[in-house]
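I have placed the structure first, in the form of structure tokens, so that the comments after it can refer back to it.
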Amino acid sequence: MNTTENNTSTAQVHYFLVPSTMSSPMEHQEEIISTTTVQAATNEGFDYSKLIDQFGSEPVQQDLIERFEKLTGKKAHPFLKRGIFFSHRDLHKLLDHYENGKMFYLYTGRGPSSDSMHLGHLVPFMFTKYLQDAFQVPLVIQLTDDEKHLMQELDFQQVRNMMIENVKDIIACGFDMRKTFIFSNFDYMGYLYKTVVQIEKCVTTSQVKGVFGFNDSDNIGKMSFPAIQAAPSFYTSFPHIFSVQQDAFQNLESTMKENNGKNMDSIMCLIPCAIDQDPYFRLTRDVAPKLGFPKPVLVHGKFLPSLQGAKTKMASSDKNSAIFLTDSNAVIASKVAGSFSGGGASKELHEKFGANLKVDVPFKLLEFFLEDDQQLEQVREEYSKGIMLTSQIKKLAFEVVSKLVKEHQERRARITEEELKEFMSVRKLDF
Ligand code: TRP
């Protein structure tokens, strides 16, 4: 067991209140990361290494990246090399498991709260696609239409429409249809329910309140939703994929007792997600051994900054903060041109002092989406010295982002109704 990991019952507060030491007392503001609010203290964004300490996760380091490359025979994704997927729980254990020829699957998800996804939403899915290609494993994707109905003022039809539109954006990321199952909670709950109830039974109301900050006037659906997001971490939720009986965990429980709490032969689960989803999965990891499952393994991503600066993340609720996957070239051009710059206030100052890359949004866009490592290093060097101008980096960021969005739109336009149905149908996968 990982002793540094904060237990949900002892360190609840850290999930949603992270006081900052980064800012000066004058501008002191709290850094908040919760499943509902994400706010850094300054335009430099989050102090992610401090987050690792406070969340009790582990940093993604060079040795881990090398293991990825060795085991998959493929180059590590730029998101790993550039520290965008920066933190993890038990990834080494998962790679040991894989190295020993044992099975794992990927699980990620999306809460459909807007018709169009934006670039920030794409980040975990792009990374998940790399993982699926590299390891050739099954992937399950949960669409939490129930969550968005419970937490926001959205009716059934609205969330249904958004869910379908979002599924198209997800498919357009290029997932392998033979290995990918995408499901809406409303549609799939019958299959999930036994696992959900097993989890509900292990979690108390005060634990949920502590972890998510709910209070007595929140609806009871919110209180039990964490069990629904947790359930796909356990393979019994997918009997058609893993050919298991729905009551398999009962057998597992006895097997586990025999093995002194270790169930190494079991199917493991790897969850790529943005760091704000960690509370759900810390809770899941607490519950796992009680039900005889291996703890789900996590790899955490950073937030894509808002166009107005890294103090907040790109968010659908603020249309100007985000580049949407439906935006036209002209809209993208004006959004990138207006994005928060770390360049000098005048050409003279810029040439003298260079740019502040820590706050520069165009540079951050390139860090996420410019594939060429060498070119990125050249930009880093020249822009920070003031050799490259703000107008030039903005032009480059526009080119990179608009190409990505255009290609996405083309792939999305080609998706047929049949494909959509197939991805979402309850079926056997090929692996
Ligand atoms: N709660 C997530 C959201 O609002 C959706 C989600 C469900 C998810 N299951 C997940 C995200 C697993 C990452 C991993 O977007």
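Got at least one residue in the range 393-405 being surrounded by fewer than 15 Cβ atoms within 10 Å (Cβ to Cβ) and within 24 Å of the chain's Cα centre (by Cα)?
Scanning the range 393-405, I find at least one residue that is surrounded by fewer than 15 Cβ atoms within 10 Å (Cβ to Cβ) and within 24 Å of the chain's Cα centre (by Cα), so the answer is yes.
So that you can scan it fast, the table gives a plain yes or no per residue for (1) without any contact (Cβ under 8 Å) to a residue 60 or more places away in the chain; (2) open to solvent by 20 Å² or more (accessible area, probe 1.4 Å):
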| site | (1), (2) |
| --- | --- |
| VAL137 | no, no |
| ILE141 | yes, no |
| ASN166 | yes, no |
| GLY174 | no, yes |
| ALA230 | yes, no |
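If the Cβ limit is 9 Å and pairs must be 6+ apart or interchain, which residue in the range 83-110 that is modelled with pLDDT under 95 pairs with which residue that is β-branched (Val, Ile, Thr) and within 16 Å of the ligand (Cβ to nearest atom)?
Sorted first by the residue in the range 83-110, then by its partner, the pairs are MET103/VAL137.
Find the residue count for the range 33-79, including only residues that are modelled with pLDDT under 95 and part of a loop (DSSP other than H, G, I, E, B).
12
List, please: which pairs have Cβ atoms under 7 Å, are six or more places apart or on different chains, and start with a residue in the range 263-276 that is on the phi < 0 side of the Ramachandran plot and at pLDDT 95 or above and end with one that is within 9 Å of the ligand (Cβ to nearest atom) and of a type in the set (Phe, Trp, Tyr)?
CYS269/TYR107; ILE271/TYR107; ILE271/PHE281
Could you tell me whether any residue of the range 116-123 is within 11 Å of the ligand (Cβ to nearest atom) and polar (S, T, N, Q)?
Within the range 116-123 (the criterion being within 11 Å of the ligand (Cβ to nearest atom) and polar (S, T, N, Q)), the answer is no, since none of the residues qualifies.
Among the residues of the range 124-158, write down those that are in a helix (DSSP H, G or I), within 11 Å of the ligand (Cβ to nearest atom) and closer than 11 Å to LYS179 by Cβ.
none
Checking the condition open to solvent by 40 Å² or more (accessible area, probe 1.4 Å), modelled with pLDDT under 95 and not hydroxyl-bearing (Ser, Thr, Tyr), which residue from ALA345, ALA337, ALA330 passes?
ALA345
Where residues in the range 91-115 are more than 13 Å from the ligand (Cβ to nearest atom) and aromatic (Phe, Trp, Tyr), which of them is least open to solvent (accessible area, probe 1.4 Å)?
For the range 91-115, the residue satisfying everything is PHE104.
The values are calculated or read from the model by the stated rules, or taken from the named source; none is laboratory data. Only a predicted model underlies this, so the values are computations on that prediction, with no experimental measurement involved. Virtual Cβ from ideal backbone geometry, glycine too; neighbours counted across all protein chains shown. The protein model used for the area step is the full one, side chains on, heavy atoms only, and it has no ligands, DNA or RNA in it. Shrake-Rupley method; radii C 1.70, N 1.55, O 1.52, S 1.80 Å.
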